[in-house]
Amino acid sequence: MSVPYQDLIAKADTLHEALPYFQRFSGQTVVVKYGGHAMIDPELQRTFARDIVMMRLVGIQVVVVHGGGPQIDKELAALGVVSERIDGLRVTDERTMEVVEMVLGGRVNHSIVALINNQGGRAVGLNGHDDCCIRATKIAEMRTKAGRMVDPGRVGAVTAVREQLIKHLVNSSFIPVIAPVAVDHEGRSLNVNADTVAGAVSHALGAAKLVLMTDIEGVKGADGKLIPSLTASDVERLKAEGVISGGMIPKVDCALDALRAGTSKVHIIDGRLRHAVLLEVFTDKGVGTEIRARP
């Protein structure tokens, strides 16, 4: 048998492997947090958009929540503004909040919507101000690594997700693309970690899966090696031991919140890998770290 046929058969085998997952998740909601290098590399942008459209076409109700940290950093640097992070959260003064809204709610959100629509999808951009769909309260203070308590500024903790608008769009075959800008009780904008927003949206929608894209392979052990599968208790132990730290903390915390709210599994994957979402959701082995409530 010639090599070309072998290649075609391998592709058919891949589709066969994916079939049970298509059947299992058709009609269910999967929330994908889109961030990191996958948002910057043009080829990764295109493949991500195609993957999302494919998931929608096989019946999966996809909701995208995006970040935009590098884009915000670039804009702030151009303005000569230096921002500090505490446990993955950006300290946000009034000027920084203006940049966050402009970049996340405007430029980045619009570009992702356009990417998905250009691949044949029907994406619609949202942020927390739309129907007040993401509500939050200001975080009063946070502890720095040096142990100092500081006011993080316009940084919020999600208090509620009004899911009616999101559900309406999903049920109408649209793909909501949500920027992590929330609104407080006075109608003021708050900057919220995108992983946290993704977890809260997953909770509100009763999602079957939450997928968090990042710039590392997944959760790593003390030896630096990828851990393919973890339980919630494993995550708590690794946090206590300091193995999970820094920017990974918001990711695993939102994973734990989503699991407690009924999400079946949370996946932390490397967005630098082409088709990472499809490989994690539709193959037997996956490519990142799967977190589940119990063994």
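Quick look at the numbers
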read-out: Whichever residue in the stretch 227-277 is part of a helix (DSSP H, G or I), over 18 Å from the mean Cα position of the chain (by Cα) and among the hydrophobic types (A, V, I, L, M, F, W, C) and, among such residues, is surrounded by the most Cβ atoms within 10 Å (Cβ to Cβ); value: VAL235
read-out: Some residue of the stretch 77-100 being within 19 Å of the chain's Cα centre (by Cα) and assigned to a loop (DSSP other than H, G, I, E, B); value: yes
read-out: ALA222 being among the hydrophobic types (A, V, I, L, M, F, W, C), in a loop (DSSP other than H, G, I, E, B) and either at pLDDT below 90 or surrounded by fewer than 17 Cβ atoms within 10 Å (Cβ to Cβ) (or both); value: yes
read-out: Unique residue being at pLDDT below 95 and either touching a Phe, Trp or Tyr at 6+ places or on another chain (Cβ under 8 Å) or surrounded by fewer than 24 Cβ atoms within 10 Å (Cβ to Cβ) (or both) when the list is HIS203, HIS168, HIS110; value: HIS203
read-out: Qualifying residue in the stretch 149-158 (condition: farther than 28 Å from VAL277 by Cα, surrounded by fewer than 21 Cβ atoms within 10 Å (Cβ to Cβ) and without any contact (Cβ under 8 Å) to a residue 24 or more places away in the chain); value: yes
read-out: Every residue from the stretch 278-295 that is open to solvent by less than 40 Å² (accessible area, probe 1.4 Å) and assigned to a helix (DSSP H, G or I); value: LEU278, GLU280, VAL281, PHE282
read-out: Subset of the stretch 206-219 [out of contact with any helix residue (DSSP H, G or I) (no Cβ under 6 Å at 6 or more places or on another chain) and open to solvent by 30 Å² or more (accessible area, probe 1.4 Å)]; value: GLY206, ILE216, GLU217
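Every residue, every condition in (1) assigned to a strand (DSSP E or B); (2) exposed (fewer than 13 other Cβ atoms within 10 Å of the Cβ); (3) in contact with a Pro (Cβ under 7 Å, 6 or more places away or on another chain), yes or no:
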{"site": "ASP7", "(1), (2), (3)": "no, yes, no"}
{"site": "ALA10", "(1), (2), (3)": "no, yes, no"}
{"site": "ASP13", "(1), (2), (3)": "no, yes, no"}
{"site": "PHE22", "(1), (2), (3)": "no, no, no"}
{"site": "PHE48", "(1), (2), (3)": "no, no, no"}
{"site": "ARG56", "(1), (2), (3)": "no, no, no"}
{"site": "VAL62", "(1), (2), (3)": "yes, no, no"}
{"site": "GLN71", "(1), (2), (3)": "no, no, no"}
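The values are calculated or read from the model by the stated rules, or taken from the named source; none is laboratory data. Remember, predicted model here, so these are calculated numbers, not experimental data. Quick reminder, even Gly has a Cβ in these numbers, built from the backbone with ideal geometry, and neighbours come from all protein chains shown. Only protein heavy atoms, including side chains, enter the accessible area calculation; ligands, DNA and RNA are left aside. Shrake-Rupley method; radii C 1.70, N 1.55, O 1.52, S 1.80 Å.
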